[in-house]
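Participant: Take a look at this one; I'll ask things after.
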């Protein structure tokens, strides 16, 4: 079984909602990091077999297959496919694991993996009418955070909480203080640098 190794790593700055990166499309951000990661790795673009990219929102400019859009915007050959993974907050990491599995299983030798989000650019959406020319008011959903178009049966089974709310609940249950969370985040950034 072949070993999977990371040849290069690139990341954009972490932005804030409505901040300096809010004017940047997520597919453009994906293209930027894909192009730079391939260049840093010295990888021949024509030898890349697939692009795995995670994206949790997929309601706006990152809709459909942002991995494929990012690959094309990065200038990769049109023959390079793309797979978008959605595991919400773990989407980018799941994409990297998928690329690792592809190498280990012999599906190929050279893959690009990562993730992209822009909650600032998440659109407001509304559901399609249940029947043609339906009249009356509709609900507009903010796709920035949390559930949209929830199945009523799921709402009865589980609380419809965002990942942020879930994180707060987990921290409370396992008694992880804000200071411990900040220290962990700081150490993660230090290790990256």
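Participant: Considering only residues of region 155-184 that are part of a helix (DSSP H, G or I) and modelled with pLDDT under 90, which is farthest from residue 17 (Cα to Cα)?
Facilitator: Within region 155-184, the match that is farthest from residue 17 (Cα to Cα) is 155.
Participant: Restricting the search to region 85-108, which residues are modelled with pLDDT under 95 and in a loop (DSSP other than H, G, I, E, B)?
Facilitator: Those that are modelled with pLDDT under 95 and in a loop (DSSP other than H, G, I, E, B): 86, 87.
Participant: Picking from 82, 60, 75, 18, which residue would you name as being within 17 Å of residue 109 (Cα to Cα), outside any helix (DSSP H, G or I) and touching a helix residue (DSSP H, G or I) at 6+ places or on another chain (Cβ under 7 Å)?
Facilitator: 82
Participant: Please find, within region 133-154, the residue that is farthest from the chain's Cα centre (by Cα) out of those that are closer than 30 Å to residue 16 by Cβ and not in a loop (DSSP other than H, G, I, E, B).
Facilitator: 140
Participant: Determine whether residue 75 is surrounded by fewer than 18 Cβ atoms within 10 Å (Cβ to Cβ) and free of Cβ contacts under 8 Å to residues at least 40 places away in the same chain.
Facilitator: Against the criterion (surrounded by fewer than 18 Cβ atoms within 10 Å (Cβ to Cβ) and free of Cβ contacts under 8 Å to residues at least 40 places away in the same chain), residue 75 does not qualify.
The values are calculated or read from the model by the stated rules, or taken from the named source; none is laboratory data. Everything numeric here is computed off the predicted structure, so don't read it as measured data. Here Cβ is always computed from backbone atoms with ideal geometry, including for glycine, and neighbour counts include all displayed protein chains.
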